[in-house]
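All remarks here apply to the structure that follows.
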Amino acid sequence: MLLTRRDAMVMLGSGVVAGAMTSARAASGSAGDIDDLFAERDALGLAELVRHREVTPAELLDAALRRVERIDAGTHAVVLRHDEQARAQVSAGVGGPFAGVPFLLKDLHIRLAGTVTDNGSRFFRGALAGEDDELTRRYKRAGLVIFGKTGSPELGLTGTTESVLHGATRNPWNLERTAGGSSGGAAAAVAARLVPAAHASDGAGSIRTPASCCGVFGLKPTRGRVPLGPERFEGWNGLTTQHAVSLSVRDNAALLDATAGPEVGSPYVAPPPVRPFLEEVTASPGSLRVALVTSPVSGSPVDAECVAAVEDTARLLEELGHHVEEAKLPVDHERTNAAMLATLCVNTLKALEDRGKALGRPWTPDDVEPVTFKLAEMGRDFDGVAYIRARESFGEAGRAMALFHQRFDVVLTPTLAKPPVPIGVLSLSPVDFDAYVREVTTFGPFTALYNMTGQPAMSVPLFWTADGLPIGTMLAAAYGNEALLFRLAGQLERARPWWNRRPPAAI
């Protein structure tokens, strides 16, 4: 049977091998043919070729490095290279479900022994890791070959990936637009087919925002699902989670299978899954009760393109047999917004003071970007009582949403309130701080709620604007129920596959 490229991509999205033509190219062994695999295979597909000895881990690593050299000058997704560590990892032998697949970590709060994590900041430049974090160890055990780190804004504090230290990561669909943040480097790398999946983290939308901007799949897991330690066991008052962005849903699920679960010292643990998440991708979600929410709890406006995207997804869900009903979220925006501000400011201050202690000197305005400095200074205004009240507000929002999910299985909203904005609009070095606050709060008013409540939420790439910019749709489930999201994501991927869409920067 002859397969078209579209046939192959649809089959891959449903968990079937991407097509005999790819195997033939791999067998031919030329560098160009092997490079093409990154546009035609997901991570599990690449690992399958390694298992069948059609390519070697060393060949895949060389191909990934060539793609970075050839493509990444435009997007600037990869900001730190660890070529020698990656070659040593390959030489030592790799195994596991992703054996030999090249992989990138985010340059923010994750350690790879013997390498630097700058956290997108001049003040953290040169911070050398003496050991791997637990998540890094799990990635290695899964066979992922880590060869670099992707861009992040300073301390992950904004919805774009721009920093004084590393410059701007640009959107592969339009180089004048943001790739989103703070995992914009990860999403741009995946969209440009530098790697099929990449590590990402999310404290207020930082997986879902760039997934939406770059047209890839991104899932923020339940609080406590993926380890953060041992350097720190909690980030941003419990808001922060780590996971990945990917081209395929099945890669995302398999990555979570490989990394989920408590570590030594975990302060809390997400409910264990009934079966592997990978098995959920091809399972039927049944007929779901979907709450359609087109306006954020803040009441800020939503661009017509983003409304069109979510309404289009609502129609698709109805065609797939789900019941969609308009609803309003039961959340007190004033309380949660105040809690978020306290959390960001106090944690920014703590991060800078901790780094200053490590360097043996106090931090100064010249060490950090203006918004970072402003947030840290504001952090001095919050006492311990205010910080505890912030955590209580998150708990109240979590209970309200748990009751809401007794009526609805999933919540459907736009991921963002605007299409990808131009580079510079969300920079941490703005001309006008008040203008920056307006821009950043109206760009991403939907995502942070699920960090506050700890619920899993995902951005699915189902819609593109007339001028070719991707717009993600967000779906959230009750606390601990990633399984339902993977079932639904798999169904959506099969109904409307996105693999046949490639940005100009990926060519």
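The values are calculated or read from the model by the stated rules, or taken from the named source; none is laboratory data. Predicted model, so just to flag it, every value in this text is computed and none were measured. All Cβ positions, even for glycine, are placed from backbone atoms using ideal geometry, and neighbour counts span all protein chains on display.
Some points to look at:
- In segment 163-207, the residues that are within 13 Å of the chain's Cα centre (by Cα) and aliphatic (A, V, I, L, M): ALA179, ALA186, ALA187, ALA188, ALA189, VAL190, ALA191, ALA197, ALA198, ALA200, ALA204, ILE207
- Flag for THR343 being modelled with pLDDT of 95 or more and either closer than 21 Å to ALA179 by Cα or touching a His at 6+ places or on another chain (Cβ under 6 Å) (or both): no
- Taking segment 31-49 as the range and being out of contact with any Pro (no Cβ under 6 Å at 6 or more places or on another chain) and of a type in the set (A, V, I, L, M) as the test, the residues that pass are ALA31, ILE34, LEU37, ALA39, LEU44, LEU46, ALA47, LEU49.
- Residue match in segment 173-182 (condition: of a type in the set (Phe, Trp, Tyr), surrounded by 24 or more Cβ atoms within 10 Å (Cβ to Cβ) and more than 24 Å from THR447 (Cβ to Cβ)): no
- Qualifying strands (runs of 3 or more DSSP E) (wholly inside segment 131-219; at least 2 residues being touching a strand residue (DSSP E or B) at 6+ places or on another chain (Cβ under 7 Å), at pLDDT 95 or above and of a type in the set (A, V, I, L, M)): 145-150, 197-202
- When the criteria are applied in full, THR161 meets the requirement of being within 19 Å of LYS418 (Cα to Cα) and free of Cβ contacts under 8 Å to residues at least 60 places away in the same chain.
- Meets criteria (within 17 Å of ALA254 (Cα to Cα), among the small types (Gly, Ala, Ser) and outside any helix (DSSP H, G or I)) for GLY468: no
- Test result for ALA73, free of Cβ contacts under 8 Å to residues at least 24 places away in the same chain and not in a loop (DSSP other than H, G, I, E, B): yes
- Residues that are more than 13 Å from PHE147 (Cβ to Cβ) and touching a strand residue (DSSP E or B) at 6+ places or on another chain (Cβ under 7 Å), drawn from segment 78-108: LYS106, ASP107, LEU108
- Here GLY120 clears all of (1) out of contact with any helix residue (DSSP H, G or I) (no Cβ under 8 Å at 6 or more places or on another chain); (2) surrounded by 17 or more Cβ atoms within 10 Å (Cβ to Cβ); (3) farther than 25 Å from ALA63 by Cα except the condition numbered (1).
- Candidate set: segment 347-404, residues that are closer than 30 Å to LYS328 by Cα and of a type in the set (Ser, Thr, Tyr); chosen: the one surrounded by the fewest Cβ atoms within 10 Å (Cβ to Cβ): TYR387
- Checking each residue in segment 291-305 for being closer than 26 Å to ARG335 by Cα and touching a residue at least 60 places away in the same chain (Cβ under 8 Å) picks out ALA291, LEU292, VAL293, THR294, PRO296, VAL297, SER298, SER300, PRO301, VAL302, ASP303.
- For segment 226-258, a residue qualifies if it is out of contact with any His (no Cβ under 6 Å at 6 or more places or on another chain), within 24 Å of ALA113 (Cβ to Cβ) and in a loop (DSSP other than H, G, I, E, B), and the qualifying residues are PRO227, LEU228, GLY229, PRO230, GLU231, ARG232, PHE233, GLU234, GLY235, THR240.
- Of the residues making up segment 475-498, not a single one is assigned to a loop (DSSP other than H, G, I, E, B), surrounded by 24 or more Cβ atoms within 10 Å (Cβ to Cβ), touching a residue at least 40 places away in the same chain (Cβ under 8 Å) and not aliphatic (A, V, I, L, M).
- From the options VAL302, VAL281, VAL310, VAL297, residue that is of a type outside the set (Gly, Ala, Ser), within 22 Å of ALA478 (Cα to Cα) and touching a strand residue (DSSP E or B) at 6+ places or on another chain (Cβ under 8 Å): VAL310
- Put simply, of THR158, THR115 the only residue that is of a type in the set (Val, Ile, Thr) and within 21 Å of LEU375 (Cβ to Cβ) is THR158.
- Helices (runs of 4 or more DSSP H) fully within segment 366-464 counting 2 or more residues that are touching a residue at least 12 places away in the same chain (Cβ under 8 Å) and of a type in the set (Gly, Ala, Ser): 370-379, 384-404
- Among residues of segment 238-256 that are without any contact (Cβ under 8 Å) to a residue 12 or more places away in the chain, none has a Cβ under 6 angstrom from a residue that is surrounded by 24 or more Cβ atoms within 10 Å (Cβ to Cβ) and of a type in the set (Phe, Trp, Tyr) at a sequence gap of 6+ or on a separate chain.
- Any hit, segment 134-148, residues being under 19 Å from ILE71 (Cα atoms), in contact with a Ser or Thr (Cβ under 8 Å, 6 or more places away or on another chain) and either in contact (Cβ under 8 Å) with a residue 60 or more places away in the chain or surrounded by fewer than 24 Cβ atoms within 10 Å (Cβ to Cβ) (or both): yes
- Segment 314-362, residues that are touching a residue at least 24 places away in the same chain (Cβ under 8 Å) and in contact with a Gly (Cβ under 7 Å, 6 or more places away or on another chain): CYS345, VAL346, THR348, LEU349
- Filtered residue count, segment 427-466, keeping only those that are out of contact with any strand residue (DSSP E or B) (no Cβ under 8 Å at 6 or more places or on another chain) and closer than 20 Å to GLU311 by Cα: 5
- Residue in segment 483-507 that is farthest from the chain's Cα centre (by Cα), counting only those that are under 17 Å from ARG315 (Cβ atoms) and aliphatic (A, V, I, L, M): ALA495
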